[in-house]
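Structure first, commentary second.
Quick note: the coordinates plus some simple rules give every number you see, no bench work behind them. Fair warning: this is a prediction, and the values are worked out from it, not measured in the lab. Here Cβ is always computed from backbone atoms with ideal geometry, including for glycine, and neighbour counts include all displayed protein chains.
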Amino acid sequence: MCVFNLRVCVCVFICVCVCVLSRFIRKQGLDRLFFECDTHMWRLGDRKIPEGIAVDGGSDWFLLNRMFVDYIINSEDELVVSMKRFYAYTLLPAESFFHTVLENSAHCASMVDNNLRITNWNRKLGCKCQYKHIVDWCGCSPNDFKPPDLPRFQQTSRPTFFARKFEASVNQEIVTQLDSFLFGPYPQETPGLQSYWENVYDETDSVASLSDSQLTHYHAFTRMGLSRAATSLQGHPDNNSCRYISRGHPVSVHLYFLSDVFQGYLVRQNASNLATSQLETLETWVSHSNHFTLGPTTNTLNRLQFAEVGTDWDAKERVFRNFGSLLGPTEEPVAMQRWGRGQNVTVTVVWVDPTNVIAATYDILVDGGTEYTHYRPPLTVPLRPGVWTLRVLHHWNLLASTSFVVSPLEYHDQQPIRQEDTVKLHSGPVRNSYMEQSFHGLNPILNLPVHLGQVEEAEFKASLTGAELQSWVDHLLSGVWSAADVCSQGPSSCPVMQRCRETGWSALSPDPKSDLGPPRGNGRIR
């Protein structure tokens, strides 16, 4: 029997696979040779499992005692040396190396088949081959816990200290529910109880960590906030106390969620007050609007509930990791559709660029039980900046449409973009051809005329730089983003400017649920 005392633990808590060994070896790719190079895991060929070794494996979350760790690190036993050599060229060594060495060594009696953890496996969603771009293999990954999973915690009978996965940007409510179950609920009036902020950029990271598209969007968001501040003193056009000039790059950027719904970006920026020349740090909250609309006719086969275009689609959690779809000319966008249940139906998806060039079209067979479909057409970049349209059709009748913005870039390699680069990045693909196949013949069917004036305007804008380019960016993004509010980190010369810590939305506002202090006498944090 093991005592749960981290200071004198003599057991190894490790979860082993209960499946057929040959199947485990095959699924884990243990009989294949892998090598990592250039941030990609390459499968090089087949190999044999060492003879005389009882291969085992399971979760890569475990608790190892000091004696076993010392054995793994310092022992010169043939078992340890040979297993280190074998697992050096393995896809997921942590899911088998420790298990195998433990089971074949003198430490095997210390093994406890329980890693004290609840893991949220949903094979239907978690085995989507979503990492093929970085590894030559298809594996599975656990899903995030959500509120319907709470009974699993309440009803567990095994000793459990840990659980995965929790991700507040996907669902924070389950964290709140579990916290209430363990420690009791917070008072309903607790500030920030339903809010979640996630830092995605800080100036200590340097702008080199940002893409040119992100940097362009964040600066545009700041200008939206400064514009909102400038109009806050209505009726006093000569009063400059609420007018600012932005200084440098953004200080920080946060994602903001409320009740598990994405509310927008919070961009903090240093700015000089025009009236006093005082440097202030302002935070702008920009909110996003979607432009999804259902078609004009009622179609009994129309199961479509929503459609969206973005990048970094996570098929496991069914979210775009690029929140708000910050798209630039070099992105590779994905179209996602959400469906209700019903009859099988085949739909046609059409991508239309800002000059009414049909960039791509393809059919999707939607089975009766399918909830989500997604596809990334192999579009030739650069994409033409402007407002794009996605149409979903059934027998060429419109089921729904949505629009999205591909923003031009103010920056190239984190520097203000030069004209030779704007022409290259903002003119669309060569010969206006996004794919090898031309879809020009569909323009009359879809009532999409291509006007010479549209093309000439697009060509003119492709060469814009400086203030004119900024105005173009701001005009496009104002169609999908707006400044919901602005606040000041410290004292402000603007008499109507609120302090960030006094708002309910700022990343600087109170968030008691996230305050961590030292453990109490009973070992609990609250």
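For this structure, a couple of remarks:
- Positive end of the dipole of the stretch 406-526 (Cβ unit charges, origin at the Cα centre): among L477, L446, Q498, the Cα lying farthest that way belongs to Q498.
- Scaled radius of gyration (Cα, divided by 2.2 N^0.38 Å) that the chain gives: 1.17
- Each residue of the stretch 446-459 is assigned a 3J(HN,Hα), and the resulting list reads 8, 6, 10, x, 9, 9, 4, x, 4, 5, 5, 5, 5, 5 Hz, derived from the Karplus form 6.51 cos²θ - 1.76 cosθ + 1.60 (θ = phi - 60°), x at Gly and Pro.
- Leading residue at positive end of dipole, the chain (Cβ point charges), from V352, P191, S509: P191
- 3J(HN,Hα) along the stretch 304-314, derived from phi through the Karplus expression 6.51 cos²θ - 1.76 cosθ + 1.60 where θ = phi - 60°, amounts to 5, 9, 6, 9, 8, 10, x, 10, 6, 6, 9 Hz, with x in place of Gly and Pro.
- Sparse-neighbour loop sites [GluC sites (Glu not before Pro); the stretch 370-460; at most 15 other C-beta within 10 Å; DSSP]: E371, E436
- The stretch 346-452: trypsin sites (Lys or Arg not before Pro) falling in loop per DSSP and having at most 16 other Cβ within 10 Å: R418
- Crossing angle, helix 173-183 versus the chain [Cα axis fit, 0-90 degrees, rounded to tens]: 50
- Listed values for the stretch 417-424 are Karplus-derived 3J(HN,Hα) couplings in whole Hz (6.51 cos²θ - 1.76 cosθ + 1.60, θ = phi - 60°), namely 5, 8, 5, 5, 7, 5, 4, 6, and x replaces Gly and Pro.
- Each residue of the stretch 12-115 gets 108 Å³ once the volume of the Cα convex hull is shared out per residue.
- Whole-Å distance, taken between Cα centres, linking the stretch 166-197 and the stretch 361-382: 35
- Within the stretch 363-422, chymotrypsin sites (Phe, Trp or Tyr not before Pro) in DSSP loop having at most 13 other beta-carbon neighbours inside 10 Å: W396
- Summed side-chain charge close to V334 - residues other than V334 whose Cβ falls under 10 Å, Lys, Arg +1, Asp, Glu -1: -3
- Volume of the convex hull of the stretch 453-523 (Cα atoms only), normalised per residue: 213 Å³.
- Pairs from the list K48/K128; K48/K146; K316/K513; K27/K146; K165/K513 with a Cα-Cα gap above 31 Å: K48/K146.
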